[in-house]
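Remarks on the structure that follows.
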Amino acid sequence: MSAPARAGAGGPAGAPPVRPPENPADVDVVVTPMRRRHLRGVLRIEERVYPRPWSMGLYLSELGQPATREYLVARAGAHVVGYAGLMVVLEDGHVTNVAVEPAWHRHQIATRLLLQLLRRAVARGLERATLEVRWSNSGAQALYRRFGFAPAGMRKRYYVDNHEDALVMWAHGLQEPAYAERLAGIERAIPGHTRLEGFAA
Ligand SMILES: CC(C)(COP(=O)(O)OP(=O)(O)OC[C@H]1O[C@@H](n2cnc3c(N)ncnc32)[C@H](O)[C@@H]1OP(=O)(O)O)[C@@H](O)C(=O)NCCC(=O)NCCS
């Protein structure tokens, strides 16, 4: 979605994406740092949801820069059902990507990922976060507004596949108590279970 310029689920090779449970209260998802072993699943989703998917090489490059990158995946069982990334630039976090397996849309997977990603940003001491989103992608914009991102500008013809404009959004005050309260409120409203694995204290 943004920098580096952007524009199937993980687990067993070729396995169809696992379907979400009928009842949102039964959703049970693990959020964990993205590792190389997740990339096959990440790329499968990437290819399903984006006209110009990132390559394996690009993800490997991102994972090779842990000092300035945070990449997370959401797993249902062994399957990657979503992922999100953040690039650190001084005191700013730049959300590089958020994507969810289509069968799992509207199950608060992106919300679980962003919640943890922004908590990681807060823990790193970042003051602000920003992202670009397609002008027409009102669903993603609604998701980001929930996390305090507000429109701040436009990048004309930002997306190379169809020359669509990007809306630039910023969230400020990440270190403020009010932002922690916002995240806590979002967390309380998520149905089902989210388990965190693989994070240092
Ligand atoms: C955008 C995307 C990541 C959202 O993932 P998701 O897991 O379905 O999002 P969530 O279930 O956490 O949605 C949280 C809230 O965001 C808003 N939202 C998300 N998708 C929406 C949609 N398609 N239409 C309207 N609102 C939407 C809603 O307010 C939603 O809450 P609700 O379901 O209680 O109404 C997913 O649609 C996707 O992968 N799209 C393709 C890739 C993409 O566009 N990524 C963003 C690039 S900037």
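Once a ≥ b ≥ c are taken as the square roots of the eigenvalues of the Cα gyration tensor of the chain, is the result rounded (a/c under 1.5), prolate (a/b larger than b/c) or oblate (a/b not larger than b/c)? Display every interim value, and only then the final one.
Details: a/c = 1.36, a/b = 1.11, b/c = 1.22.
It comes out rounded by the Cα gyration axes.
On a C-alpha basis, how far is the centre of region 40-86 from the centre of region 115-157 in Å? Whole number, if you could?
18 Å
Report the one residue of A178, V160, L196 whose Cα lies farthest in the direction of the positive end of the charge dipole of the chain (charges on C-beta: Lys and Arg +1, Asp and Glu -1; origin at the Cα centre).
V160
Residues with amide H under 5 Å of N97's amide H, sequence separation 5 or more or different chain, H placed in the peptide plane at 1.01 Å from N; which?
HN-HN under 5 Å from N97: G85.
A short reminder: the numbers here are calculations on the coordinates, not readings from a lab. The shown structure was predicted, so the numbers you read here are calculated from the model rather than taken from an experiment. Cβ coordinates were reconstructed from backbone atoms using ideal geometry, including for glycine residues, and neighbour counts include every protein chain displayed.
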